[in-house]
1. Please determine whether any residue of the range 48-67 is open to solvent by 80 Å² or more (accessible area, probe 1.4 Å), closer than 30 Å to Phe155 by Cα and either in contact (Cβ under 8 Å) with a residue 24 or more places away in the chain or assigned to a helix (DSSP H, G or I) (or both).
2. Would you mind stating whether Val119 is in contact (Cβ under 8 Å) with a residue 60 or more places away in the chain, under 16 Å from the mean Cα position of the chain (by Cα) and either under 30 Å from Val5 (Cα atoms) or more than 15 Å from the ligand (Cβ to nearest atom) (or both)?
3. More than 21 Å from Cys135 (Cα to Cα), assigned to a loop (DSSP other than H, G, I, E, B) and out of contact with any Pro (no Cβ under 9 Å at 6 or more places or on another chain) - does that describe any residue in the range 98-107?
4. Report, by residue number, each residue of the range 124-171 that is closer than 30 Å to Tyr56 by Cα, within 10 Å of the ligand (Cβ to nearest atom) and surrounded by 12 or more Cβ atoms within 10 Å (Cβ to Cβ).
5. Just need a number here: residues in the range 71-99 that are open to solvent by 40 Å² or more (accessible area, probe 1.4 Å), of a type in the set (Val, Ile, Thr) and under 26 Å from Val17 (Cβ atoms).
Amino acid sequence: MDKLVFATNNDNKLKEVQALIPQHIKLLSLKDIGCFEDIPETQNTIEGNARQKAEYIKTHYGYDCFADDTGLEVDTLNGAPGVYSARYAGAQRSAEDNMNKLLEALHDKDNRNARFKTVIALHLNNKLHTFTGICKGSITETKHGKNGFGYDPIFRPENYKETFAEMDLSLKNRIGHRGKAIKQLVDFLNR
Ligand code: IMP
């Protein structure tokens, strides 16, 4: 294997992973392989969507591929918004609307425990491997901080006083869900 697709168009994510894996593996983005359509994400689990994306690229473009999918699981909401995190408050996929809806859903709740979960599915040599990164924490009562994206201003990781949105990106990457899943993928590719 010398070429591997990362099912993303985020150049930062691509560069970050490229720097960590063996040099003979060239990472390609969706743009690099001419994939401009929306890849279906119709499964009802985070794992299912990651697998669906990786399998779609293998089937339609022939490349080995990995894809990631992330969700925020809140204990007292039985794991919601979970796989629906991006569109929790509607199809407009607004981070502000999503956070406001979640704060409203938790306004009378004492248990505010939650976790981010990233699953990376790797389709390699006709085998599927999955890597899961989890970051435990809790949902704050109001928004704090300007960094990051999505639910970062209302997620405070366990053992920290700040929300993700108040942290440097390097710290978030080190303790966060996506960083942990990527580390497992990188260890696997370097084995
Ligand atoms: P995706 O699978 O990476 O596209 O993530 C799905 C949704 O989960 C995003 O649209 C965000 O709402 C949320 N999300 C994913 N990762 C993070 C994160 O690191 N911080 C905050 N929200 C996130």
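The values are calculated or read from the model by the stated rules, or taken from the named source; none is laboratory data. Model, not experiment: these values are computed from the prediction. Please note: Cβ atoms are built from the backbone with ideal geometry, for glycine as well, and neighbour counts cover all protein chains shown. Remember, those area values only see protein heavy atoms, side chains included, never the ligands or the DNA or RNA. Shrake-Rupley method; radii C 1.70, N 1.55, O 1.52, S 1.80 Å.
1. So the first thing to find is which residues in the range 48-67 are open to solvent by 80 Å² or more (accessible area, probe 1.4 Å), and the list is 51, 59-60.
Next, from what is left, pick out any that are closer than 30 Å to Phe155 by Cα: 51.
From what is left, the residues that are either in contact (Cβ under 8 Å) with a residue 24 or more places away in the chain or assigned to a helix (DSSP H, G or I) (or both) are 51.
Checked the range 48-67: at least one residue is open to solvent by 80 Å² or more (accessible area, probe 1.4 Å), closer than 30 Å to Phe155 by Cα and either in contact (Cβ under 8 Å) with a residue 24 or more places away in the chain or assigned to a helix (DSSP H, G or I) (or both).
2. On the way: in contact (Cβ under 8 Å) with a residue 60 or more places away in the chain: yes; under 16 Å from the mean Cα position of the chain (by Cα): yes; either under 30 Å from Val5 (Cα atoms) or more than 15 Å from the ligand (Cβ to nearest atom) (or both): yes.
Judged against the criteria, Val119 is a match.
3. Checking the range 98-107: at least one residue is more than 21 Å from Cys135 (Cα to Cα), assigned to a loop (DSSP other than H, G, I, E, B) and out of contact with any Pro (no Cβ under 9 Å at 6 or more places or on another chain).
4. Those that are closer than 30 Å to Tyr56 by Cα, within 10 Å of the ligand (Cβ to nearest atom) and surrounded by 12 or more Cβ atoms within 10 Å (Cβ to Cβ): Cys135, Gly148, Gly150, Tyr151, Asp152.
5. Residues that pass the stated criteria total 0.
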